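Engineer: First, the structure itself, so that you have it in front of you.
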Amino acid sequence: KLSLKREVGLMGAVSLIGGTMIGSGIFMSPQTVLATIGSPGASLVVWASCGLLVILASFCYAEMGTVIRESGGEYIYILRTSGPVVAFMLIFSSVLFARPAGVVGISLSFAQYVVAPFYSECAPPVLLVKCVAAAAIIILATVNCLNVRFSMSVQVFFMVVKVLSLAVIIVGGVVMLIRGHTENFQDSFENSNIGISPIGIAFYQGLWSYDGWNNLNYVTEELKRPEVNLPRAVIIAISLVTGLYLLVNVSYLTVLTPKELISSNAVAVTWNKVFGSWGWIMSLAAALSAFGSLNGTFFSGGRVCFVAAREGHMPDILSMAHVHRLTPSPALIFTTVVSLLVLIPGDFQSIVNFFFTAWFFYAITLAGLIYLKIKKPELPRPYKVPIILPILVLIAAVFLVLAPIIDDPQIEYLYVTLFIFSWVLIYIPFIHYKLYPSLLTKLTIFLQLFLQVAPAEKTC
Ligand code: ARG
């Protein structure tokens with residue numbers, strides 16, 4: 001039997017969180033947030049509140065990850081607290097729906113930034129954008145299959161690149177502020193739209209940029225000294241990202257007037273006012289940033305399938321690792337294939353779908369944490385949060401999931417919910433009654449030989 005090695009140190013851990021959070025969002029969402037919420041002041045309040053919510057949520061997850069020390073994120077936490085049926089519904093909705101939607105969203109923005117400089121006069125052809133997105137997915141899948149350490153280096157490198165590019169944006173804004181360009185902040189709360197729907201939409205946009213905050217919880221078994229490094233990485237990465245996002249927004253709002261900001265389709269690119277003919281640098285920075293976030297999403301996404309297969313909730317082959325490289329290659333290849341399939345019809349709308357499902361499952365996980373705190377206080381807890389924290393975040397999560405449905409009921413929400421629940425029908429024959437087609441066994445053996453993989457054990 002093989003097992004994945006503990007190869008992720010503190011720097012890697014910080015990059016897995018921060019480098020996934022900083023993706024395409026911060027280069028694209030600020031104008032949507034501003035447009036929906038109406039005023040620069042309210043927009044900064046939204047960004048700060050999203051940051052606060054994510055910080056509190058990630059503290060809860062840090063406790064969860066040090067109590068349940070297996071990899072797999074929400075899946076494993078829900079399995080251990082709410083039981084196999086709920087976990088099973090999660091895994092399929094996440095693997096076939098939410099995760100690929102996330103991957104498609106980021107890879108499309110990467111592709112858009114890559115081709116944009118070549119099409120300054122018109123919109124680039126959709127086919128080209130999709131091909132570039134597919135190429136990015138395939139390259140990163142290959143890197144992740146080859147070597148864990150290499151994919152971690154990619155993650156750290158891109159994390160540094162994006163922190164530096166956000167720093168450049170911030171410095172540009174600060175210089176303008178010092179020169180006295182404070183006019184965009186006068187009456188900064190004028191015209192704010194205070195209603196459930198605008199606040200909800202603004203939060204969805206903002207929280208998309210912060211998403212990835214839970215990324216380290218998917219790979220706890222590969223983290224060195226998780227009881228120390230998990231909480232530490234969470235604190236460093238998330239405070240860094242929140243600080244950067246707030247300052248970047250201040251900077252955008254200093255350099256561009258609210259009107260200019262709203263009418264630009266990608267803020268970072270419209271920032272030419274400061275860079276002049278060097279404006280393309282920002283396109284490049286945005287592309288690299290999305291690429292790094294995609295790598296982090298892959299790294300953790302593969303692990304979710306891997307863990308679920310180990311628990312018998314997905315075909316056995318997905319729980320195997322390459323005999324020499326020790327990467328969960330079957331799970332990574334599977335994730336890639338599903339993402340490519342979703343990419344064919346996919347568009348940015350997928351982000352909203354992603355979001356709805358993701359926060360639904362974050363809420364169940366938080367409820368699980370509250371349950372563990374009340375029912376199993378005796379479990380060893382190297383890192384603890386007061387119980388009020390998960391309760392507050394749970395209320396926020398429930399609000400985020402329910403507000404848009406109540407405010408503006410749409411048939412899509414019903415479809416999503418039916419989709420999530422329909423997996424029970426698959427659970428009963430295949431998992432509960434263990435009907436396992438013999439063809440699948442033959443296929444597993446064939447794939448095992450073909451991919452040179454063998455079953456891998458837990459490391460905790
Ligand atoms: N926050 C990232 C962005 O702004 C997207 C992260 C996708 N989510 C994830 N769990 N990997 O592009």
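The values are calculated or read from the model by the stated rules, or taken from the named source; none is laboratory data. Not measured: the values here are computed from a predicted model. So basically every Cβ, Gly included, is an ideal-geometry build from the backbone, and we count neighbours across all protein chains shown.
Engineer: Report yes if some residue within the range 179-198 is farther than 26 Å from Ser283 by Cα and touching a Leu at 6+ places or on another chain (Cβ under 6 Å); otherwise report no.
Structural biologist: no
Engineer: Considering Gly72, Gly38, Gly9, which residue is within 16 Å of the ligand (Cβ to nearest atom) and either in contact (Cβ under 8 Å) with a residue 40 or more places away in the chain or more than 22 Å from Lys162 (Cα to Cα) (or both)?
Structural biologist: When all the criteria are applied, what remains is Gly72.
Engineer: Would you confirm, using the coordinates I've provided, whether Glu74 is under 26 Å from Tyr413 (Cβ atoms) and of a type in the set (Asp, Glu)?
Structural biologist: Yes.
Engineer: If you check every pair at least six apart or on different chains, which have Cβ atoms under 8 Å apart with a residue in the range 174-200 that is more than 29 Å from Pro404 (Cα to Cα) first and a residue that is assigned to a loop (DSSP other than H, G, I, E, B) and not basic (Lys, Arg) second?
Structural biologist: Cβ pairs passing all conditions: Asn184/Leu256; Asn184/Thr257.
Engineer: Which of the residues belonging to the range 150-184 are under 21 Å from the mean Cα position of the chain (by Cα), surrounded by fewer than 17 Cβ atoms within 10 Å (Cβ to Cβ) and of a type in the set (Lys, Arg)?
Structural biologist: If the condition is that a residue be under 21 Å from the mean Cα position of the chain (by Cα), surrounded by fewer than 17 Cβ atoms within 10 Å (Cβ to Cβ) and of a type in the set (Lys, Arg), then no residue fits.
Engineer: Another one. Please determine, by comparing only the residues of the range 41-56 that are over 16 Å from Leu261 (Cβ atoms) and of a type in the set (Gly, Ala, Ser), which one is nearest to the ligand (Cβ to nearest atom).
Structural biologist: Selected residue: Gly51.
Engineer: Further question on the same structure: Looking only at the range 70-110, which residues are buried (at least 24 other Cβ atoms within 10 Å of the Cβ), farther than 21 Å from Leu216 by Cα and of a type in the set (Gly, Ala, Ser)?
Structural biologist: Ser109
Engineer: Go through the range 365-401 residue by residue and tally those that are basic (Lys, Arg) and within 22 Å of Val86 (Cβ to Cβ).
Structural biologist: Counting residues in the range 365-401 that are basic (Lys, Arg) and within 22 Å of Val86 (Cβ to Cβ) gives 3.
Engineer: For Val67, state whether it is of a type in the set (A, V, I, L, M, F, W, C), in contact (Cβ under 8 Å) with a residue 24 or more places away in the chain and either on the phi > 0 side of the Ramachandran plot or buried (at least 24 other Cβ atoms within 10 Å of the Cβ) (or both).
Structural biologist: The answer is no for Val67.
Engineer: Identify the residue in the range 287-318 that is more than 22 Å from the chain's Cα centre (by Cα) and outside any loop (DSSP other than H, G, I, E, B) and, among all such residues, is surrounded by the fewest Cβ atoms within 10 Å (Cβ to Cβ).
Structural biologist: Asp316
Engineer: Could you please find all residues in the range 208-235 being under 14 Å from the mean Cα position of the chain (by Cα) and either surrounded by fewer than 24 Cβ atoms within 10 Å (Cβ to Cβ) or not aliphatic (A, V, I, L, M) (or both)?
Structural biologist: Result: Trp208, Ser209, Tyr210, Asp211, Gly212, Trp213, Asn214, Asn215, Asn217, Tyr218.
Engineer: Only one residue in Leu425, Leu439 is among the aliphatic types (A, V, I, L, M), exposed (fewer than 12 other Cβ atoms within 10 Å of the Cβ) and farther than 26 Å from Ala98 by Cα. Which one?
Structural biologist: After ruling out the rest, the residue left standing is Leu439.
Engineer: Among helices (runs of 4 or more DSSP H) lying entirely in the range 68-121, which contain 1 or more residues that are among the charged types (D, E, K, R) and closer than 30 Å to Leu379 by Cα?
Structural biologist: It comes to 74-82.
Engineer: Does the range 3-11 contain any residue that is crowded, with 24+ Cβ neighbours inside 10 Å and over 30 Å from Gly195 (Cβ atoms)?
Structural biologist: There is at least one residue in the range 3-11 that is crowded, with 24+ Cβ neighbours inside 10 Å and over 30 Å from Gly195 (Cβ atoms).
Residues are listed down the side, and each one gets a yes or a no for (1) in contact with a helix residue (DSSP H, G or I) (Cβ under 8 Å, 6 or more places away or on another chain); (2) more than 16 Å from the ligand (Cβ to nearest atom):
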site: Thr220; (1), (2): yes, no
site: Arg225; (1), (2): no, yes
site: Thr242; (1), (2): yes, no
site: Pro258; (1), (2): yes, yes
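Engineer: May I pose another question? Got at least one residue in the range 240-248 being more than 15 Å from Ser43 (Cβ to Cβ), modelled with pLDDT under 95, of a type in the set (A, V, I, L, M, F, W, C) and buried (at least 24 other Cβ atoms within 10 Å of the Cβ)?
Structural biologist: no
Engineer: Just need a number here: residues in the range 102-117 that are more than 10 Å from the ligand (Cβ to nearest atom) and farther than 18 Å from Val338 by Cα.
Structural biologist: Qualifying residue count for the region: 7.
Residues checked against (1) part of a helix (DSSP H, G or I); (2) of a type in the set (Val, Ile, Thr); (3) within 30 Å of Leu16 (Cβ to Cβ):
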| site | (1), (2), (3) |
| --- | --- |
| Leu140 | yes, no, yes |
| Val154 | yes, yes, yes |
| Met176 | yes, no, no |
| Ser197 | yes, no, no |
| Leu207 | yes, no, yes |
| Asn217 | yes, no, yes |
